[in-house]
Amino acid sequence: MKKCAVYARVSTLEQHVETQLYDLRQLAQNRGFEVVAEYTDHGVSGAKARRPGLDALMTDARKRKFSVVLVAAFDRMARSTKHFLQVIDEFDSLGIEFVSRRENVDTSGPMGRLFLTLIGSIAELESELIRERIRAGMRRRRLEGYRLGRQPLDVDHENLVGDRLNGMSLTQTALKYGVSRASVIRFVREAQRANNCAEFTLAEREAAVCVA
């Protein structure tokens, strides 16, 4: 029975790697592989060069701890076509097969390698087209006069700071004004800094009057 490793990655903290892991375990069982290691990256963008889970997988691959790597899809593995092919080439030099569940492709034969190269190029092109559409949409919104990014919170800062400084708990203040606890802390600190600056300026003016 071949020993295999599975790798799963999700881009945001709201997503769950367990969905990918479940499917990959089923794939390993169907193919008669023994899963000896699972590697995950949670909340890690595909564009990032460093990924702890992938780095650990590559380290163990060089130690020959498994002979097959299973992933949910090509784009879960590498950040670019170049990086993808580098990973596949290293697997090949180590005698490790690569299997992608979504594309139903493995690298056990020359046709599989050719298909991987073609699909990797198409996936990168698709990602670039998506990014270009997003950039074009943002440019259009700017030209139309729309504000981009998060809208400023419509909060009565003075009353919020007053309630908090008068003893209202952090959680109660956040709930009352519909903001996060971190925002409450930030608003209070900003108000205190502004107040300290104002008092310092007043003291300077009074000192100047006394000297005169």
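Computed quantities for the displayed model
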quantity	calculated
For region 154-171 and region 59-117, distance of Cα centres in Å	55
Segment residue 130-residue 171, extension gain: residue separation times 0.36 nm, minus the distance between their alpha carbons	10.8 nm
Under 19 Å from the Cα of residue 63 - aspartates and glutamates, other chains or at least 8 residues apart	34, 38, 55, 89, 90, 92, 97
Tensor-based shape of region 3-128 (alpha-carbon gyration tensor, a/c under 1.5 rounded, otherwise prolate or oblate)	rounded
Per-pair calculated FRET efficiency, R0 = 25 Å: residue 64 and residue 108 via Cβ, rounded to 0.05	0.90
Packing-based exposure ordering (other Cβ within 10 Å, fewest first) of 75, 89, 154	154, 89, 75
Whole-Hz couplings from phi, Karplus 6.51/-1.76/1.60, listed for region 100-105; x for Gly and Pro	10, 5, 5, 7, 6, 10
Whichever lysines have a C-alpha closer than 16 Å to that of residue 82, once near sequence neighbours (fewer than 8 apart) are set aside	48
Residue 41 long-range amide H proximity, modeled H, under 5 Å	8, 9, 10
Residue-by-residue Karplus 3J(HN,Hα) for region 86-93, coefficients 6.51, -1.76, 1.60, Hz, glycine and proline x	5, 5, 5, 4, 5, 4, 4, 5
Under-5 Å amide H pairs with residue 73, H placed in peptide plane, nonlocal only	101, 102
Amide proton proximity set for residue 107, modelled H, under 5 Å, gap of 5+	98
Sparse-neighbourhood loop sites, trypsin sites (Lys or Arg not before Pro) in region 1-97 - DSSP loop, at most 15 other Cβ within 10 angstrom	2, 48, 50, 63, 64, 65
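Here, each number is a calculation from the coordinates, and none is a lab measurement. Quick caveat: nothing in here was measured; it's all calculated off a predicted structure. Glycine also receives a Cβ, built like all others from the backbone with ideal geometry; neighbour counts cover every protein chain displayed.
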